[in-house]
Amino acid sequence: RFRAYLLRKDKVTFTYNGTKFNIEIVGADIYPQGFAAVAPKLKSFKGTNLLVDIGNGTLSAMYINNGKPQDDKKFTEKFGTYQCVMAVREAINAKFGITVEDSTIEEVIRTGTADIADRYLQVIRDAASKYTEGIFRRLREHEYNPMTVKLWFMGGGACLVKNFGTYDRESVIFVDDLHASAEGYEYMTLGMLWSRERANR
């Protein structure tokens with residue numbers, strides 16, 4: 001259905017920064033969230049890997065075995081950074097009866113600290129740590145075992161795990177490159193075009 005939605009028009013015309021563009025859409029490929037960021041590295045994936053993309057609203061994950069995505073082993077949970085911000089907000093309100101700006105909470109989530117009173121900072125950290133435990137609990141419910149699975153975190157919410165999680169640093173990898181997904185899509189597109197060119201020879 002999503003592919004059909006993307007292909008509903010075969011020609012699109014628009015103006016961006018004063019330049020007119022005429023685009024012809026000839027196809028669409030759909031990939032799980034976060035997949036593009038590791039696509040160029042798939043050949044080096046050995047054993048069982050779990051790709052976890054934590055966005056604002058959701059946590060999306062997919063297993064990759066020996067470089068091959070497991071289409072029947074992917075899942076999405078409504079457990080992104082926004083839900084963490086709400087949990088922190090509730091913890092602050094319950095403890096002190098006040099509200100803290102979401103931007104301050106987000107700064108603590110992103111960096112681990114902020115320029116606020118220590119007692120407030122500690123409550124935010126505790127709530128974020130508890131929320132991060134929930135991330136790992138959900139992964140274990142989907143057969144994650146740190147002894148047998150290498151874990152890859154990406155997306156804006158990966159900083160939650162990095163700053164507040166308890167994990168084995170040998171088996172957990174963070175994809176911090178902001179351009180990783182864009183470069184991955186370019187890599188996949190060039191590979192697809194190259195394959196089509198070979199097939200047409």
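The values are calculated or read from the model by the stated rules, or taken from the named source; none is laboratory data. These numbers were taken from a predicted model, which means no experiment stands behind them. Cβ: placed from backbone, ideal geometry, glycine included. Neighbour counts: every protein chain shown. When the accessible area is computed, the model is the full protein with side chains, heavy atoms only, and any ligands, DNA or RNA have been set aside. Shrake-Rupley method; radii C 1.70, N 1.55, O 1.52, S 1.80 Å.
Values computed for the structure shown
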quantity	calculated
Test: residue in the stretch 80-98 that is at pLDDT 95 or above, of a type in the set (Asp, Glu) and within 23 Å of Lys162 (Cα to Cα)	yes
Options Thr99, Thr111, Thr132; residue that is open to solvent by 30 Å² or more (accessible area, probe 1.4 Å), within 29 Å of Pro32 (Cβ to Cβ) and out of contact with any Cys (no Cβ under 7 Å at 6 or more places or on another chain)	Thr111
Boolean, Tyr144 is surrounded by fewer than 17 Cβ atoms within 10 Å (Cβ to Cβ) and closer than 18 Å to Asn49 by Cα	no
Answer residue from the stretch 18-40, given it is surrounded by 12 or more Cβ atoms within 10 Å (Cβ to Cβ), among the hydrophobic types (A, V, I, L, M, F, W, C) and in contact with a strand residue (DSSP E or B) (Cβ under 7 Å, 6 or more places away or on another chain) and is farthest from Lys73 (Cα to Cα) among those	Ile25
Qualifying residue in the stretch 58-70 (condition: touching a residue at least 24 places away in the same chain (Cβ under 8 Å), surrounded by fewer than 16 Cβ atoms within 10 Å (Cβ to Cβ) and either more than 21 Å from the chain's Cα centre (by Cα) or closer than 20 Å to Gly155 by Cα (or both))	no
